[in-house]
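Throughout, read-outs are computed from the coordinates displayed, never taken from laboratory work. Remember, it's a predicted structure, so these values are computed and weren't measured experimentally. Cβ coordinates were reconstructed from backbone atoms using ideal geometry, including for glycine residues, and neighbour counts include every protein chain displayed.
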RNA sequence: GGUGGGGUUCCCGAGUGGUCAAAGGGAUCAGACUGUAAAUCUGACGGCUCAGCCUUCGGAGGUUCAAAUCCUCCCCCCACCA
């Protein structure tokens, strides 16, 4: 099975340009393909994962992925899929974000020995000169057609309008593709479905300027069954950066996957064989729940490593109970199947001075606020009032109950807010 | 530049002098039910040192015992016209 077929099978493909030629292009190993990443944030989040996984699949299939950081285009801002104008980024912030991107991508891709590249389009975009650019690139673009592109139309119809700087985005992204085709022999660009217009513009430009065929593939926008953009939660994005979203929280994010999404997500976000993934379709109840654990385990292992995944798994087992995961369920997964030892190590922990708990002690609601389980002291009080706060497994009934040294078991206290959020408090020293 | 319409608590959106921390919906949080899911029901939902106090309705002043609501100036947004 070719990569492209395999990607299609796993649900990655939304649209492609000239399908047959593309399949032929990819039948030779070592082909280059690229995806652009906006350096608008210092960390990637789950919403980027589809594109990252696609690059992984390419690399595993023997091709050479290029992650293109939009250091240049980031100074413009892509209007696609945005209802309002982007904030322009300063070069310093872009630099910082680039560094973060690189470290995260290298968890997924092997950048050694030119097996993959990380490039920055600032390298060729910032030096462009206006008049030559217009003469060489601009003349290939029909404003009539650009205006019809989905990415612009939404903005043209909106109250916000479209600024001229953003209108140029398409030309620059198209130019990227042209540049990569020449400098890196790269003839395939992939991206989210909102990038279709930009990608096609690049394909056209490569043809017009070089007379060569280039290809484009877009991925569907992944929505959860409840209709939210993948990776967005109430709290904002689920980050790939362990500093921002701990491996434990990352694991929990996946465990909390909607029933209806499990099979689809296993296909997209793990490398488990499709034959096994498809078997999940018929499951329900506890079995389906076990499949979520596998999904969480595999996804966490990919992003944070096997060790971290194991820890998150154990912590979950400690708090929610050990689940038996049948040998026959997704057998390729390396998730522990029996009920082995559990650990709390990956539950976030806050160290506090011992003195605080000597004498009077500290009112519990303050601890909840301190640990970040409640946004403020007031919110913590509310939580307790509603019966959603626990200390060492016991439900609290008094907001200002004082916590003293004697409450610590083995130097630690386990706080719990609601059903799923835990935090440890440990004595310092 | 002209004319008209707007800016309300996370979002949408009521509210035209006191009864307004401000209707209703969404989102969120908690509880019940479950499978750490969904759906449903219940409660919470500006802040706090929480039976009380403090701060909000674009900004700054003013009128009034009392203003989100009235007046003045300013800022910003939108539509149409230029």
I need A:292, A:428 ordered by Cβ neighbour count within 10 Å, fewest first. A:428, A:292
Computed lengthening from residue A:327 to residue A:184, 0.36 nm per intervening residue step minus Cα-Cα distance: 47.0 nm
Protection proxy ranking of A:186-192, A:142-148, A:320-326 - average other beta-carbon atoms within 10 Å, highest first: A:186-192, A:320-326, A:142-148
Computed FRET value (nearest 0.05) for residue A:148 with residue A:428, which takes r as the C-beta separation and R₀ as 51 Å: 0.20
Once the principal axes of the Cα atoms of the range A:349-427 are found, what is the range along each, listed largest first in whole angstroms? 29, 23, 20
Rounded to the nearest 0.05, what FRET efficiency is calculated for residue A:130 and residue A:307 with R0 set to 41 Å and r the Cβ-Cβ distance? 0.20
Which FRET efficiency, nearest 0.05, do residue A:225 and residue A:40 yield, Cβ-Cβ r, R0 41 Å? 0.90
With Cα atoms, 0 to 90° folded angle of helix A:285-304 axis to chain A main axis: 70
For the range A:177-269, convex hull of alpha carbons as volume per residue, Å³: 131
Rounded to the nearest 10 degrees, the helix A:49-60 long axis (Cα) sits at an angle to the longest Cα principal axis of chain A of 70
Whole-angstrom Cα spans of the range A:259-418 along principal axes, big to small: 61, 28, 24
Rounded to the nearest 10, the angle in degrees between the Cα long axis of helix A:196-210 and the longest principal axis of the Cα atoms of chain A comes to 30
Inter-site label distance for residue A:107 and residue A:349 at 7 Å from Cα along Cβ, in nm: 2.1
Give, to the nearest whole percent, the P(r) tail of the range A:246-343 beyond 22 angstrom, counting all Cα pairs. 17
Hey, what D do you get for the range A:3-219 in µm²/s if you plug the Kirkwood alpha-carbon radius into Stokes-Einstein at 25 °C and 0.890 mPa s? 140
Highest average packing first - A:345-355, A:31-41, Cβ atoms within 10 Å: A:31-41, A:345-355
Chain A: Cα Rg divided by the 2.2 N^0.38 Å rule of thumb: 1.13
Between residue A:6 and residue A:156, what is 0.36 nm times their sequence separation minus the Cα-Cα distance? Round to one decimal in nm. 50.2 nm
Report, please, the projected area of the range A:385-425 averaged over directions, based on the convex hull of its C-alpha atoms, in nm². 2.9
Sorted by Cβ density within 10 Å, fewest first, the residues A:156, A:44: A:156, A:44
Can you tell me, using C-alpha contacts under 8 Å and at least 6 residues apart, the relative contact order of chain A as a whole percent? 13
In chain A the DSSP beta bridges are antiparallel at a rate, in percent to nearest 5, of 50
